[in-house]
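The values are calculated or read from the model by the stated rules, or taken from the named source; none is laboratory data. Since the model is a prediction, treat every value here as computed from it, not as a measurement. Counting neighbours? That spans all protein chains shown, and the Cβs are built from the backbone with ideal geometry, glycine included.
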Amino acid sequence: MSKKPKNPVEPERSGGAPTELSTSSAAAADALDAPPTDAADASAAKFSSWEERVSELERDLAAARADVASASDRALRSLAEFDNYRRRTERERDEASIRGRADVLRELLEVADNFDRALDHANSGVPPAFLEGMRLVARGLHDLLDRKGVERIDAEGKPFDPELHEALTMMPSDAAEPDTVLQVVQAGYRLGDRVLRPAKVIVAAPLGATKPAEDA
């Protein structure tokens, strides 16, 4: 049986494979050196556009936050000013109401005093029924003043206080300490902390000393 002859080894082509490698390397280098395509240009331009848009939005956001902070500050200032105005008007209204009440009560005190003086100096010729009627009216006036919070100023024997007392004169006396109220000529009244009428008083002076009332 005859054997097939082995295929002889074909000689390698001179410069075959190196030629192919050299061609691939050149193509890669040409690709790197090649200018960017239109798609790459568009992508880069789009990316740049987005960056500018983001920067613009960030600037707008910062401006909006500044506007909100400024508006919030103005609103807070306005609220504070309105609150101060409200408190001031309420205080002025309350003071006006108290002044109005004080004026009316001061007038009623004069009426009550007139009734008291008339009763103190009533003579025996006045009909008893008339006197009783005057007493009822005077008592009603004093009850009304009590209900409205009017209080009599306790003055006799107290140290002289120019806020509560009006000195008519000074009288030397050994019955009271100097500069204390020796006698109440007309009662004083107050409404809470407000003096409706100071008590008219005579102030004690040391024995042997004379002191004008206006210097008290």
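Confirm whether V137 is modelled with pLDDT of 90 or more and either assigned by TED's automatic domain parsing to the domain that holds E95 or in a loop (DSSP other than H, G, I, E, B) (or both).
So V137 passes the test.
For the range 78-126: of the residues being among the β-branched types (V, I, T) and free of Cβ contacts under 8 Å to residues at least 40 places away in the same chain, which is nearest to L141 (Cα to Cα)?
Of everything passing the filter in the range 78-126, V111 is nearest to L141 (Cα to Cα).
Residues are listed down the side, and each one gets a yes or a no for (1) touching a strand residue (DSSP E or B) at 6+ places or on another chain (Cβ under 7 Å); (2) assigned to a helix (DSSP H, G or I); (3) closer than 29 Å to A199 by Cβ; (4) modelled with pLDDT under 90:
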site	(1), (2), (3), (4)
F47	no, yes, no, yes
E51	no, yes, no, yes
S55	no, yes, no, yes
R59	no, yes, no, yes
D94	no, yes, yes, yes
S124	no, no, no, yes
H142	no, yes, yes, no
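Considering each of A175, A204 in turn, give the residue that is of a type outside the set (D, E) and modelled with pLDDT under 90.
Only one candidate qualifies: A175.
Please pick out the residue among D103, D83 that is more than 30 Å from G188 (Cβ to Cβ) and acidic (D, E).
D83
Whether any residue in the range 108-121 is assigned by TED's automatic domain parsing to the domain that holds L207, modelled with pLDDT under 90 and in a loop (DSSP other than H, G, I, E, B) is what I want to check.
no
Conditions (1) more than 43 Å from the chain's Cα centre (by Cα); (2) among the polar types (S, T, N, Q), marked per residue:
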position	(1), (2)
N84	no, yes
E92	no, no
S97	no, yes
E107	no, no
F115	yes, no
A122	yes, no
G125	yes, no
L136	yes, no
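Among the residues of the range 155-210, write down those that are without any contact (Cβ under 8 Å) to a residue 60 or more places away in the chain, of a type outside the set (V, I, T), within 30 Å of G100 (Cα to Cα) and part of a strand (DSSP E or B).
Within the range 155-210, H165, E166, A167, L168, R190, A199, K200 meet the criteria.
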